[in-house]
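Below is one structure, written out as structure tokens; the observations come after it.
Since every read-out is calculated from the coordinates, none of them should be taken as a lab result. Predicted model, so just to flag it, every value in this text is computed and none were measured. Ideal geometry is used to build each Cβ from the backbone, glycine not excepted, and the neighbour counts take in all protein chains shown.
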Amino acid sequence: MPPALVLPFKKIDKNDIPLVGGKAANLGEMVQAGFPVPNGFCVTSYSYQLLIKENNLLETIKGILKVTDIHNSGQLQKASNKIMALIKKAKIPQELSTEIFKSYKTLTKDNKNPLVAVRSSATAEDLPDASFAGQQDSFLNIKGEANLIQTIRDAWASLFGARAIFYRATKGFDHFKVSLAVPVQLMVQSDISGVAFSINPVTNNKNQIIIEAGWGLGDYIVQGVVTPDHYIVNKDTLTIHSRQVIPQKVMEVYKYPSGVKKQKVKKSNIPLQKLPDTLIVKLAKIVDSIQKHYYFPQDIEWALEKGNLYITQSRPITTISVATNSKAKYQTSDLSKLKIILQGQAASPGVGVGKVVKVKGSKDLGKIKTGDILVAEMTSPDFVPAMKKAAGIITDKGGQTSHAAIVSRELGVPAIVGTTTGMATLKVSQLLTIDGSTGNIYDGKPKSEPRILKKKSTKKVSKLGVEPIKTATKIYVNLAEPDLAGTIAAKNSDGVGLLRAEFMIAQIGTHPKKLIADKKGYVFTEQLTQGLLKFTQSFGDRPVVYRTTDFKTNEYRNLLGGEAFEPQEANPMIGYRGVHRYLHDQSVFELELEAIKRVRNKYGYKNLHLMLPFVRTVDQLIKAKSLISSVGLNRSPSFKLWMMVEIPSNVILLDEFIKVGIDGVSIGTNDLTMLILGTDRDNETVADVYDERNPAVLWALEKIIKTANKHGITSSICGQAPSLYPDLTAKLVEWGITSVSVSPDMLDRTHEIVSLSEKRLLKK
């Protein structure tokens, strides 16, 4: 049975992200949880895929993108226009239009054509590791069946807007693994609207709720057209910590049928506080409840209509973990002797130093060079390529919750918004220092030299300046790049749960068999040794679990000389890889084991352990263990042998694998999900089926953990799932997993989720 074409919000929850995207899943989840969300339905991502398929657009779009240089703004815009025109003219299947019209009529009791908001919900949107803020379009106050159908086409087309193409490409998202669902929701004619954060997004203070409010519709706040009121609420006491009331002269309103209009604010209202104190506290309670429901901080859009509060959107805050990873080389303490010449709102922390370049519009973005201070009236997602180059960003308008502020924090670029007069008073090429933590703008630059990060650190620190969260469940980190070892080691982790070999081998650049043939196998061993040392040195007494090579044949062929040693395979994902490769040809594996021996015995780093990938049979494990022992690496209290569990046979026969003698298992959810569901995780045509939260996968995860516990060995997980789905992490803890290994940006959030989960278990 194919997936649904259209689903009402009341039948959608957070488990439906592959079908409806993050935005719609959150709306449905909140409806089911009882939060005040306007009624609506979602045209699913399957409908989008059906449109693309039935109009034969896939290969055409691929062809256009293949010849497009995304860093050439002219080429990018031209390609975007072509693709969007194709989608906007595409024929909608009859069965789909029937379902849409049926759902539209049921939104109100009188079955009349109501005003609706048509939004976009990408299947890779609003996930913990990336914000797609502003990358697709939303359309307000749409009325009538014909207008609704065309607007849904327009929303689908926005998936290939220029900024969306650029964002996906630079973030590493496959264009064709991202689909677009379209939530359709009753309009709220906002008297007052705004954005709220369930923690302070600039300081990362978890005890503060930030609320921003403005007259009229909320788009002017999100776009940065107006600077909103700024309220800070103490989460524990629900008292208002501070109020920053900003006069507002213009607002956005809707007047049917003429549409959205810019309008002057009534003169008597200009200086007034937008949201009364009672409603600030009421909204703060709702915001806190939403965070508790999701277990992690939320970015929430809200609206007030005729005295009633509505939640129109909620998504994870994506910038907590990178807030202190700024490009800035100076610190606030370096600025004490500089003169403050302008102030605004702190939007993205860090100190930036550079020369002023004023940007009046997209045409000026090419003026921004690496290290400049970008100054604009307001920023938008179109500015992202230039923002990445900038040492700092200053805008006259906008608040902490604007899309541009969110993107600045994600990029780690210091930013100050709402200065009012920056464009008028700052001079082109003027040398400035900005502090995105305080909102201060200084004349000149600090006299002290820029600070250089220490290369090595084994001390656990918290980015919040408080005692790091401690959990009974160990929180490990997934790593691959040696140059990041020192920086990541300084974060709050219990060690490296998955050290991938492939990046280090790719850096060597030559196929190891060619090196052996050229009698240069020692080069491979030595370079791998040096790479491993960077991790073991940086993490001190914390364990580093190294997964031996799991290159597929197509990946090995890309190395110098690889074509001579690698077969052509129709499906390398389930071909000549993992332990099977080691047993078929021991020569490369022996070089790898020699590197491990050197790190442990020659250099004395006993925190290095070994993990075997893609072990298909019990007999393969027995033979691999024999090879490892033959070179002098034997299991002991100081040398642990782990095995990846990523094949259904590993789950079914886990008791037998464990009896052979291993110290721990680590679940590779990427391959395990693929093989349980029979779904190629690299194939976009079946991507909607691939979901680590499928009941069959969840059953396997629970069985693995409980089997490991029965035998008294370590159980861990190192696939992508814990980084994507915090609710899954909570289940793993409940089942008794002993450790979780996640990407570096998810360390702090995972500590919070695990800590909450452990506390709940103790209360049972």
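When every alpha-carbon pair in region 6-186 is counted, what percent end up more than 26 Å apart?
Counting every Cα pair in region 6-186, those more than 26 Å apart make up 28 percent.
Between ASN558 and LYS91, what's the calculated FRET efficiency when r is the beta-carbon distance and R0 is 51 Å? Round to 0.05.
For R0 = 51 Å, the calculated efficiency reads 0.80.
Test of the criteria: in region 190-275, which trypsin sites (Lys or Arg not before Pro) are in a DSSP loop and have at most 14 other Cβ atoms within 10 angstrom of their Cβ?
Of the trypsin sites (Lys or Arg not before Pro), the ones in loops of region 190-275 whose Cβ has at most 14 other Cβ atoms within 10 Å are LYS249, LYS266.
Give, as a single signed number, the net charge of other residues whose beta carbon lies under 12 Å from the beta carbon of LEU5, with Lys and Arg counted +1 and Asp and Glu -1.
Result for the neighbourhood of LEU5: -1.
Given +1 on the Cβ of Lys and Arg, -1 on the Cβ of Asp and Glu, and no further charges, what dipole in debye does region 332-443 carry about its Cα centre, rounded to the nearest 20?
300
Dipole magnitude of region 474-763 about its Cα centre, charges +1 at Lys/Arg Cβ and -1 at Asp/Glu Cβ only, in debye to the nearest 20?
Approximately 1100 debye in magnitude.
Please give the per residue volume of the convex hull enclosing the alpha carbon atoms of region 137-234, rounded to a whole number of Å³.
150
Send over the per residue convex hull volume for the chain, Cα only, as a whole number of Å³.
Spread over its residues, the Cα hull of the chain gives 175 Å³ apiece.
Considering Cα pairs under 8 angstrom that are at least six residues apart, work out the relative contact order of the chain and quote it in whole percent.
Contact order relative to length: 9 percent.
Compute, for the chain, the length of the dipole vector about the Cα centre, with Cβ point charges of +1 (Lys, Arg) and -1 (Asp, Glu) only. Units Debye, rounded to 20.
Rounded to the nearest 20 debye, it is 1680 debye.
On a 0 to 90° scale, report how tilted helix 73-88 is relative to the longest principal axis of the chain, with both axes built from alpha carbons and the result rounded to the nearest 10.
Once rounded, the angle reads 80 degrees.
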